[in-house]
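Worksheet for the structure shown next.
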Amino acid sequence: MWKGIPLFPDSASTYSDAVDYFYLALVVISIFFTVLVAALVVVFAIRFRTRPGSAGAVQIHGSHGLEIFWTVVPLVIVMALFVWSTKIWFVITRPPAHAEQYYVTGKQWMWKIQHPTGQREINMLHVPVGVPIQLRMISEDVIHSFFIPAFRVKRDVLPGRYSTMWFEATKAGTYHLFCAEYCGTKHSQMIGSVIVMEQADYELWLAGAAAGESPQAQGEKLFAASRCDTCHTGKPDARGPDFKGLWGTQVQLSDGSSVIFNEDYVRESILLPTAKTVAGFQQLMPTYAGQLGEDQILSLIAYLKSLSDPAQGGAKP
Amino acid sequence: MSSTVATPAAEPRTNYLNVDYGWKSWVFSTDHKRIAVMYLITIAFMILVGGSFAILVRLELATPAGDMLQSETYNKIFTMHGVVMVFFFLIPGVPAVLGNFLVPIMIGAKDLAFPKVNLLSYYIFLVGILLTLLAAAMGGIDTGWTFYTPYSSTYSNGQVALAAVAVFITGFSSILTGLNFVVTIHKMRAPGMTWFRLPLFIWAHYATSLIILLSTPVVAITIVLVALERLFHVGVFDPTYGGDPVLFQHMFWFYSHPAVYIMILPAMGVISELISAFSKKRVFGYPVVAFSSLAIAVIGFFVWGHHMFVTGQSTYAGVVFSVITMLVAVPSAIKVFNWVSTMYKGDIWMTTPMCFAIAFIGLFTVGGLTGIFLGTMGLDIHMHDTYFVVAHFHYVMVGGMVTAFWGGLHFWWPKMFGRMYPENMGRVSAAIIFIGFNMTFFPQFILGYMGMPRRYHFYPEEWQVLNVLSTAGATLLGLGYLLPMVYLPWSLKFGKVAGKNPWAAKGLEWETDSPPTTFNFDKVPVVTEEAYAYPEGARHQPEAKVV
Ligand code: HEM
Ligand SMILES: [Cu+2]
């Protein structure tokens with residue numbers, strides 16, 4: 001909406017205009033106070049300048065009224081700004097319930113992206129207009145940060161821990177994608193494009209792009225190839241827990257505590273199985289650290305998730 | 001005290017400078033004034049080093065294609081720029097030079113409480129510098145001044161461990177100086193110098209010293225942990241070894257946010273002195289200004305998370321850090337309003353220091369206001385790690401601290417060396433600095449909102465115009481900074497003799513000789529009035545003075 005003015009980047013997500021309005025309000029407030037202070041200083045410097053025969057300084061020690069005035073006024077203003085900005089913050093940090101899951105892995109110095117339908121891309125992210133999308137992101141080495149200025153959003157991509165961000169694009173076009181957290185020599189080349197397409201175009205693109213298997217399907221294969229299925233057989237006498245219907249539920253651990261069966265827990269169990277053991281099982285699982293890459297772990301997660309999704313033939317959690 | 005007209009005496013009697021000329025009398029000196037001069041020379045050198053790196057960065061950014069330097073070199077250069085400027089100029093600048101010289105004199109003491117510790121802290125500082133330069137010579141470091149893990153602890157190839165040791169050591173120099181100031185201010189005030197008669201410069205140094213004592217040990221520990229992880233793979237920050245990468249940022253900012261106030265509070269103290277002296281008035285709302293320094297010191301310890309809104313700290317942690325950040329902006333605003341009010345109905349003399357003070361007020365206002373942009377999370381998600389942040393902290397640190405440093409140096413130059421600097425040259429360089437500064441850094445706000453990430457060697461072509469403008473401004477700014485580096489040393493020989501009190505200002509430092517004698521005062525001064533006790537109708541008499 002700020003097209004005519006070159007001072008704003010494209011505004012192409014559902015919340016980017018809200019950020020711009022807030023920014024504009026702050027700009028106006030800042031100009032007001034800067035001009036006020038500058039004007040007072042300049043006027044006083046001229047009006048009260050010393051010169052032969054000037055009246056001299058009038059000693060004023062202070063004023064309680066004024067001190068209170070210029071404590072309370074800025075306080076009220078910043079608190080109002082805080083409330084306003086916090087509302088925007090909640091919008092940006094809370095994804096809608098049914099956002100499409102895309103996977104992002106960052107590494108020095110590229111972005112690898114996988115669509116829910118299986119397409120993989122590097123340094124490019126094609127997304128449809130009007131669909132809320134959540135990125136589940138992890139780094140294979142140092143900290144990176146996924147930044148799309150046109151959407152007014154960024155989020156650090158950490159090693160060893162998933163982070164997420166969401167957006168819904170509103171306008172077709174090609175936008176910058178940057179790594180915003182300094183990550184080494186080619187930090188400034190860890191860039192790419194976000195290509196927002198109308199839904200129909202996106203479908204066409206999906207059909208044309210070398211559609212691999214979906215992450216679930218890849219995960220299912222990996223599950224067998226990595227021999228997860230030798231223990232997690234899904235049978236009553238299995239040596240490892242059955243995953244059907246488990247996603248998102250509370251799992252009892254052998255030490256009496258419980259944990260939610262989610263992405264972070266699954267990832268930890270694959271890489272560091274000794275950390276937590278499900279109640280009723282022995283700790284027999286080997287670690288897969290060094291054998292499975294972050295991309296593969298994400299596929300496994302997609303597969304385990306599908307086991308609890310009735311729409312995909314899984315059991316209800 | 002009332003001598004507004006400078007004594008035309010050619011060479012004052014024995015003073016701290018001419019008391020002894022042997023080199024040993026300098027390198028082993030425990031006189032706080034000589035140590036201040038040694039710091040001044042050292043820091044001036046570091047400004048030149050850090051400034052050269054800055055010019056290289058700006059030259060490279062004049063074109064979008066990183067065509068002048070390799071990316072690796074570029075990264076090392078901006079890292080060295082940050083490390084040198086932050087640890088060897090911005091943090092020690094005002095306290096170690098002006099504070100060292102003036103804290104004892106302003107409170108009527110002979111020296112700091114621990115003169116030998118003071119000398120020790122200088123040498124620790126020097127060792128820190130030498131190790132840093134050694135790290136640079138041996139291949140440099142490319143982590144950024146923030147040393148984020150696990151990049152710094154595992155992936156970077158540079159001399160990170162050596163640089164970490166250097167910064168660690170330098171921290172002790174700060175701690176010793178801070179300790180010295182706290183004890184001195186508590187114990188060595190002249191008879192009659194009560195807390196509420198202290199100049200605001202002293203209050204600011206007191207608050208700063210407290211921050212230094214409480215926060216610097218934390219960064220020291222953090223840095224040791226980085227070095228341990230790097231050398232022995234102790235898992236603290238790198239998840240490969242079972243560490244937590246974000247923990248580093250918490251520890252680092254727990255120090256480094258207060259550290260930004262270590263940089264700015266002493267500068268604010270300088271500004272209070274300048275505005276008062278050249279308006280011939282007591283600082284408006286003196287106790288409020290004094291307590292706002294303490295408020296900033298305390299609240300500043302609870303806002304570190306505002307550097308980490310997008311690291312994935314919990315949504316509510318972000319909310320808490322944001323609201324406290326808003327609170328810390330208020331005492332800063334209060335100070336600005338009090339300074340402006342001090343000028344009201346004053347008798348204002350626009351000398352070079354006053355020009356710098358006014359420039360400070362303007363630039364700090366912009367810097368502080370843009371801090372609010374960054375402290376509000378909805379906006380910071382977009383702005384974080386962009387050039388907007390770069391512009392913000394240069395407005396507060398360069399526009400604020402450095403401008404105040406120049407103002408203070410000009411103001412007390414006649415006291416320190418007994419000679420006046422050339423006044424018109426001073427005003428010209430203040431103007432050049434003000435224009436060059438805004439030209440360099442204002443475009444960076446716009447670049448930041450457009451989305452240009454910081455620490456970028458290459459950038460999209462559409463941003464070239466603003467970047468060229470910034471580079472042009474930097475050239476002008478560099479020129480503005482070089483001028484005083486030439487005419488101030490020149491004035492040591494050719495400047496007019498200043499006399500005790502060329503500004504007819506209040507304060508114990510103006511009652512002693514210029515330059516002062518080794519023990520500052522012939523007899524212990526007795527204080528009978530509050531700070532800045534200018535009489536009703538006080539006037540400057542510039543026509544009667546040497547300037
Ligand atoms: C009104 C008071 C201030 C507020 C509200 C404020 C707020 C902030 C915020 C929220 C950030 C983080 C931005 C980000 O990384 O996304 C920031 C960065 C910074 N501020 Fe301030 N600030 C204020 C004053 C100062 C002062 C007085 C200084 C120093 C003299 C300073 C120096 C810095 C520095 C060095 C950084 C960036 C550090 C880095 O990432 O390299 N700020 N400020
Ligand atoms: Cu901060």
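The values are calculated or read from the model by the stated rules, or taken from the named source; none is laboratory data. Keep in mind that what you see is a predicted model, and the values were worked out from it rather than measured. Positions of Cβ are backbone-derived with ideal geometry, glycine not excepted, and every protein chain shown enters the neighbour counts. Calculation scope for accessible area: heavy atoms of the full protein, side chains included, ligands and nucleic acids excluded. Shrake-Rupley method; radii C 1.70, N 1.55, O 1.52, S 1.80 Å.
Things to note:
- Taking first residues from segment A:60-76 that are more than 7 Å from every other protein chain (Cβ to nearest Cβ) and partners that are open to solvent by 50 Å² or more (accessible area, probe 1.4 Å), the Cβ contacts under 9 Å between residues at least 6 apart in sequence or on separate chains come to A:SER63/A:PHE69.
- When B:ALA531, B:ALA504, B:ALA538 are screened for being in contact with a His (Cβ under 9 Å, 6 or more places away or on another chain) and over 30 Å from B:ILE55 (Cα atoms), only B:ALA504 passes.
- Selection from segment B:272-322 of residues that are under 28 Å from B:GLY378 (Cβ atoms) and more than 16 Å from ligand 2 (Cβ to nearest atom): B:SER292, B:GLY312, B:SER314, B:THR315, B:TYR316, B:VAL319
- Qualifying residue in segment A:220-228 (condition: closer than 20 Å to A:PRO116 by Cα, without any contact (Cβ under 8 Å) to a residue 60 or more places away in the chain and not aliphatic (A, V, I, L, M)): yes
- All positions within segment A:132-158 that are without any contact (Cβ under 8 Å) to a residue 24 or more places away in the chain and open to solvent by 10 Å² or more (accessible area, probe 1.4 Å): A:ARG155
- Matching residues in segment B:476-497 - criterion: being touching a Lys or Arg at 6+ places or on another chain (Cβ under 8 Å) and either closer than 20 Å to B:ALA431 by Cα or of a type in the set (Ser, Thr, Tyr) (or both): B:SER491
- Test: residue in segment B:16-27 that is among the charged types (D, E, K, R) and crowded, with 16+ Cβ neighbours inside 10 Å: no
- Note on segment B:346-361: among residues that are facing chain A (nearest Cβ under 7 Å) and touching a residue at least 12 places away in the same chain (Cβ under 8 Å), the one that is nearest to A:VAL35 (Cα to Cα) is B:ILE361.
- Failed condition for B:SER322, given (1) touching a helix residue (DSSP H, G or I) at 6+ places or on another chain (Cβ under 6 Å); (2) more than 7 Å from chain A (Cβ to nearest Cβ); (3) hydroxyl-bearing (Ser, Thr, Tyr): (2)
- Some residue of segment B:230-247 being within 13 Å of ligand 1 (Cβ to nearest atom) and not small (Gly, Ala, Ser): no
- Test for A:SER54: is it in contact (Cβ under 8 Å) with a residue 40 or more places away in the chain and either among the aromatic types (Phe, Trp, Tyr) or open to solvent by less than 30 Å² (accessible area, probe 1.4 Å) (or both): no
- Filter pass, A:PHE48 being touching an Asp or Glu at 6+ places or on another chain (Cβ under 7 Å) and within 8 Å of chain B (Cβ to nearest Cβ): yes
- Total residues in segment B:277-311 satisfying the condition of being touching a strand residue (DSSP E or B) at 6+ places or on another chain (Cβ under 9 Å), away from ligand 1 (no atom under 14 Å from the Cβ) and facing chain A (nearest Cβ under 7 Å): the figure is 2.
- Each residue in segment B:230-261 was checked for being farther than 24 Å from A:GLU294 by Cα and either within 23 Å of the chain's Cα centre (by Cα) or crowded, with 21+ Cβ neighbours inside 10 Å (or both), and 11 pass.
- Against the test of being away from chain A (no Cβ under 14 Å) and either open to solvent by 70 Å² or more (accessible area, probe 1.4 Å) or without any contact (Cβ under 8 Å) to a residue 12 or more places away in the chain (or both), the options B:LEU476, B:LEU492 yield a single qualifying residue, B:LEU492.
- Helices (runs of 4 or more DSSP H) contained in segment B:323-411 and holding at least 3 residues more than 13 Å from ligand 2 (Cβ to nearest atom) and open to solvent by 10 Å² or more (accessible area, probe 1.4 Å): B:352-375, B:387-394
- Enumeration of residues in segment B:113-171 that are buried (at least 23 other Cβ atoms within 10 Å of the Cβ), at the interface with chain A (Cβ under 10 Å from one of its Cβ atoms) and of a type outside the set (Ser, Thr, Tyr): B:ASP142, B:PRO150
- Selection status of B:VAL260, among the aliphatic types (A, V, I, L, M), more than 9 Å from every other protein chain (Cβ to nearest Cβ) and in contact (Cβ under 8 Å) with a residue 12 or more places away in the chain: yes
- Residue check for B:LEU274: in a helix (DSSP H, G or I), farther than 28 Å from B:SER322 by Cβ and either aliphatic (A, V, I, L, M) or under 16 Å from the mean Cα position of the chain (by Cα) (or both): yes
- With respect to being outside any loop (DSSP other than H, G, I, E, B), at pLDDT below 85 and not assigned by TED's automatic domain parsing to the domain that holds A:HIS126, A:LEU222 fits the description.
- Residue in segment A:197-217 that is open to solvent by 70 Å² or more (accessible area, probe 1.4 Å), within 27 Å of A:ILE270 (Cβ to Cβ) and part of a helix (DSSP H, G or I) present: no
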